[in-house]
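S.K.: Encoded as structure tokens, here's the structure I'll be asking about.
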Amino acid sequence: MELFENQEQEEKKSFDNFFIGLGGSFLMTLIVLSLLAGRAFSFNQLGESLTKLYQLHDFSNYMIAALFPSMFVFFFLYKTERWQAARGLIVAVLLSMVLIVL
């Protein structure tokens with residue numbers, strides 16, 4: 001009986017939090033998007049780069065490229081069984097995909 005009780009009480013892993021996954025994914029997407037936009041257009045401000053991307057209709061292409069690192073992090077979180085952080089990451093990616101569609 002004691003064996004089953006120990007299996008039910010698994011130790012919570014570090015960084016296994018929904019909001020860490022959500023915030024981390026948004027932050028990572030913004031950083032990668034700013035790097036890509038800054039590299040494509042040599043503007044000093046992120047707002048100018050994003051405005052230029054939106055006017056050229058390239059925003060969706062850059063946004064999809066910025067979401068790729070989040071997917072690699074998702075596979076890491078899935079493999080290390082950090083389920084809550086993986087859920088937060090997926091919610092952030094889905095919200096970003098809605099932004100692309102709009």
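Since every read-out is calculated from the coordinates, none of them should be taken as a lab result. Source: prediction; values computed, not measured. Because the Cβ atoms are built from the backbone with ideal geometry, glycine has one as well, and the counts that use them run over all protein chains shown.
S.K.: Could you work out the local net charge near Phe18, counting Lys and Arg as +1, Asp and Glu as -1, over the other residues with Cβ closer than 13 Å to its Cβ?
M.R.: Charge balance near Phe18 sits at +2.
S.K.: Could I ask something else about it? What's the percent breakdown of Cα-Cα distances in region 27-101 across 5 Å bins, shortest bin first?
M.R.: Calculated over all Cα pairs of region 27-101, the distribution is 3, 16, 25, 22, 15, 10, 6, 3, 0 percent.
S.K.: About its Cα centre, what dipole magnitude does region 27-101 give when the only charges are +1 on Lys and Arg Cβ and -1 on Asp and Glu Cβ, stated in debye to the nearest 20? Walk me through the numbers before you get to the answer.
M.R.: Working: 5 positive and 3 negative charges, 35 e Å.
That gives region 27-101 a dipole magnitude of about 160 debye.
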